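Structure record follows, encoded as structure tokens.
The values are calculated or read from the model by the stated rules, or taken from the named source; none is laboratory data. The shown structure was predicted, so the numbers you read here are calculated from the model rather than taken from an experiment. Cβ atoms come from the backbone with ideal geometry, glycine included; neighbour counts cover every protein chain shown. Each accessible area value is taken on the protein alone, full model and side chains, heavy atoms only, with ligands, DNA and RNA left out. Shrake-Rupley method; radii C 1.70, N 1.55, O 1.52, S 1.80 Å.
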Amino acid sequence: MTAQYQVHGDVAIITLNNPPVNGLGLSTRQGIADGMAKANADAAVKAIVITGAGKAFSGGADIKEFGSPLASQEPNLNSVIAVLENSAKPVIGAIHTVVMGGGLELALGCHYRIASPGTSVAFPEVKLGLIPGGGGTQRMPRVVGVEPALNMIVSGEPIKAEMLAMLPGQKLFDKISASPESLAEEALAFARSVADVRPLPLVRDLKCKHPQGDAYFAFARNMVKGMSKNFPAPAKCVDAVEAATKNKFDAGMAVEQSIFINLMMTAESRSLRHLFLGERAASKIPDVPSDTPQREINSVAIIGAGTMGGGIAMNFLNAGIPVKMLEMKQEALDRGVATIRKNYDAQVAKKKLKQDKLDQRMALLSTTLSYDDIGDADMVIEAVFEEIGVKKAVFTELDRVMKPGAILASNTSTLDVNAIADFTKRPQDVVGLHFFSPANVMKLLEVVRGAKTGKDVMATVMSVAKKIRKTAVVSGVCDGFIGNRMIEQYGRQGGFLLDEGCTPEQVDKAMEKFGMAMGPFRMGDLAGNDIGWAIRKRRYTEQPDMKYSKTADLLCEQGRFGQKDGAGWYDYVAGKRDAIPNADVVKMIEEHRKGWASPPARFRTKKSCSAWCSPWSTKRPTFWKRALPTRPATSTSSTSLATVSLPTAVAR
Ligand code: NAD
């Protein structure tokens, strides 16, 4: 049973017990309903306490039920909450550690709530493209006020119980216990103190008003629209909370239900739920159980202080783990250290980091030009040029100097991790750790498992990933692993669009309008165009059938590697990341097109990115060629532009 029933004197206690976070699955909901029926039928029971076993009061819906009919099967969450509200005897929520989503809605159905200090309180539904669907949008504004409730519901972020308890006039918590340990005792005493109170207070009976409602919600809507342009749920949170202020409780609940059901079916929510479940699944390795022995990682060496080496180092410094960076030349080390410091300085300037923390982190960083200085590190991560010969030289050295048991990781984007492991006499210690640029910011970390990588190495790097706050995803060995294989066609098609008449800026703008955080050319400049160049040069011989636009190679031949040089597809001013279009790059692309047999197409960025598409392209699907108008030979007037949306073109 995932909810247990006990009686302590004259108080019944219902304890949710559905590890890890007491999710409100069907059996737990049924257990609560059964416990409530027993308690109400027992004349000796005067009050009922609901609490959670283990590490949470309740984290909300049981994710195993997501999208299945079980989630709405009776008793569903709203029915259970109705049982609490209609109880003839007072129900007290004894809340601790985590109360989120449906768990918080359950608590709001209690007549009274007592929380232990440090409890995290949140409505995270928006992160799954939803709104709270168990009355959260209707009850929360009634207990903490409209503005704090909407902030919590739109952001999905947790707030500590004691902070919420400080809100003027709040009715969310009747009491904060003196300590987490005293919660159970205090909840029992509180239950006895209210055993005879009648009528019992109900959140649904409280008033819900905002003094300047219309103005506030118009303002909130504008804020939310700007922050979440491709996600429908945040704006719907505003609608649902507004409904709480404009309707009687049951009518507001009906609005919430209708919004919730509609959002459930959106592609955005389905994708976000898929992502959530996928992330959880990706963190587990079937043949590496959680009790697999791990190696101690208390120090790290990094080979290469370039774009990736510096960012990777910051992750470990942030986690309090000392880092030694190795380079070929002192000036490369100086540049790498200066970039790290500049990144931290920027965080201090934005008040995201305190100066003393910056100093502590920089004090954990040391540098060297000699392999003999890094042998003691528990783990070494190589981030040098993407060429197998360079990797071989580095791993041969690492095999020579690293202490037995050290983990030898490569940040390679595409190269064969098994081949890299075989450069050493200890392939069981070698693993791919593929960070994404900017490595100090991006959450994803691909863990590339070689044929001989040890299980203890896998277990260790998965837990190191957690320590440095990355989302680790295990990949097999293949050219490009997961992320780079996914983005490969996108980048290639971006290149073909340059050949066909687009400028980098047009492609980037169209893709950013489509919803990408950054278009493919701005992304290339951020990551470093030389990395892609090295990868293509290898593939020209290994995969001769793979076609690429030559424009990216021409750009690299001019030394325009991207932001790190201040020049790539765009120009960059030192210390800034704004992409400034460069006329010479556009000219270079135009010159390159002159070599083509057919005249280039002409593209124009308009509201819907109207474009002439090149009718000579044999790669286009026939339905599309048929849809194209005949292109006038000399016309350049904008009125002659056909409207074919660029995202369709890119996805061909
Ligand atoms: P980078 O050119 O910015 O930096 C590489 C650094 O390695 C340079 O500072 C260079 O001096 C140093 N170096 C080269 N050979 C060395 C050697 N033998 N010993 C010590 N130092 C040496 O390159 P990067 O973008 O940081 O990429 C490094 C690795 O990370 C590559 O394998 C790349 O594929 C991979 N990677 C890059 C990105 C990205 O977006 N840039 C993302 C993920 C992975």
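Structure notes:
- Accessible-area rank, largest first, for 499, 578: 578, 499, with all protein chains present and a 1.4 angstrom probe.
- Over the C-alpha atoms of the stretch 177-271, the Rg to Rh ratio, Rh being the Kirkwood estimate, stands at 1.15.
- Kirkwood Rh in Å, taken over all unlike Cα pairs in the chain: 28.5
- Heavy-atom accessible area for residue 370, with the other protein chains in place and a 1.4 Å probe, reaches approximately 40 Å².
- Residues whose amide H lies under 5 Å from that of residue 7, counting only those 5 or more places away or on a different chain, are 13; hydrogens are built 1.01 Å from N in the peptide plane.
- Potential lengthening between residue 229 and residue 257 on full extension [0.36 nm per residue; Cα-Cα distance subtracted]: 7.8 nm
- Computed accessible area, residue 339, all protein chains, 1.4 angstrom probe, square angstrom: 60
- Spin-label model distance (nm) - residue 34 vs residue 385, 7 Å beyond Cα toward Cβ: 6.9
- Estimated FRET transfer efficiency when R0 is 56 angstrom, pair residue 335-residue 247 (beta carbons, to 0.05): 0.35
- Dimensionless Rg over Rh [the stretch 3-264; C-alpha; Kirkwood]: 0.96
- For the stretch 352-437, convex hull volume per residue from C-alpha positions, Å³: 117
- For the stretch 211-346, the Kirkwood hydrodynamic radius comes to 20.3 Å, computed from all pairs of different C-alpha atoms.
- Added length on full extension, which subtracts the Cα-Cα distance from 0.36 nm per residue, residue 587 to residue 352: 80.4 nm
- Relative contact order (%) - criterion: Cα under 8 Å, at least six apart; region: the chain: 7
- In plain terms, the chain from residue 73 to residue 209 could stretch by 45.6 nm, reckoned as 0.36 nm per residue minus the Cα-Cα distance.
- Of the DSSP H helices in the chain, those whose Cα atoms cover at least 27 Å axially and whose Kyte score averages -1.0 or more: 330-349
- Heavy-atom SASA rank of 74, 186, 256, 268 (probe 1.4 Å, accessible area, largest first): 74, 268, 186, 256
- Percent of Cα-Cα distances greater than 19 Å, calculated over the stretch 300-475: 53
- Averaged per residue, the chain has 46 square angstrom of accessible surface, using a 1.4 angstrom probe with ligands and nucleic acids left out.
- Relative to the globular-protein estimate of 2.2 N^0.38 Å, the Cα radius of gyration of the stretch 14-157 stands at 0.98.
- For residue 50, residues with placed amide H under 5 Å, excluding near neighbours: 14, 92, 93, 94
- Here the Karplus curve 6.51 cos²θ - 1.76 cosθ + 1.60, taken at θ = phi - 60°, turns the phi angles of the stretch 45-60 into couplings of 8, 9, 7, 10, 9, 10, 9, x, 7, x, 8, 7, 5, 6, x, x Hz, with x standing for Gly and Pro.
- Surface share of carbon and sulfur [accessible, 1.4 angstrom probe, percent] for the chain: 58
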